[in-house]
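Right, one structure below, let's go through it.
What follows draws every value from the coordinates through simple rules; no lab data is involved. Every value quoted in this text rests on a predicted model; they were computed, and no experiment measured them. Cβ placement follows ideal geometry from the backbone for every residue including glycine, while neighbour counts extend to all protein chains displayed.
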Amino acid sequence: VKFFKNAKVAKVAANFRVALLQFTSYIRAGAVMDNKYLLRALAHKPKIAKAKEHCGIALWKSLGYYDTDITTPLADKIKHTDDVKNKIIEWSLKGAEKADEVTWGVLWNACELEVRDTRKDLKVGSEEFYKEIGDRLREVVYRTQVVDSTMTRSQMMRSKSGWDKMLTTFASESTLSFNLVTDLFVSYKLDSRRMGKEESRKKHGKYIRKAITAYVVTNVVTTIIASMFDAFRDFDEEDKDEE
């Protein structure tokens, strides 16, 4: 466990590229939301405090990555028994955590715009109104963002095998993106048996296209961002930055 923790800390801590890549989950949200809300939400200030107040998963994510073996364990946070080393690690991860907060802070705006359009029966500013937004944000986060808990990990990630832990290190994002697409295909196949291919295609076709688009765009943007930083890190005189 100590080996994997040190490896993960070395990869993530004080890494600006990792912080920037947190925003790519916003693109993936286009698979489960109308893009018009996501685009309009960018014009508003991220409502991080509102999200924490009315959405439990936002508050949970803001506590850190307790069971990915990177930061201070949850028990130590509760008892305030973390040492100097853990505090330094916590500080070095602030960039990634802040980027994550901003992402679901803007997602709150998108969910609010959606609820305003689709739930005219709710009074704006009421407790029911904010609850609906919080529920919608929770759904979007669970389906499109990495949530660090045992219940949301893939079966392979839960394995105690050292090989499985090594193979799935930092694979949460890619696993989530892949599952987002495959889950829709499974739903399409199941409904095809129940109601026929034509009806199933009408029901799921739009969402499958959106999921594939989000998957492709997310991977393209991720690759571009990673390549830009890798170009600066590469000191091989034979290779050009463009390559």
Subtracting the Cα-Cα distance of Arg201 and Ile225 from 0.36 nm times their residue separation yields 5.2 nm
Plugging the Cβ-Cβ distance of Lys131 and Phe232 into 1/(1 + (r/R0)^6) at R0 = 35 Å yields, to the nearest 0.05, a FRET efficiency of 0.15
So the number of lysine pairs in segment 121-233 with alpha-carbon atoms under 20 angstrom apart, 8 or more residues apart or on different chains, is 9
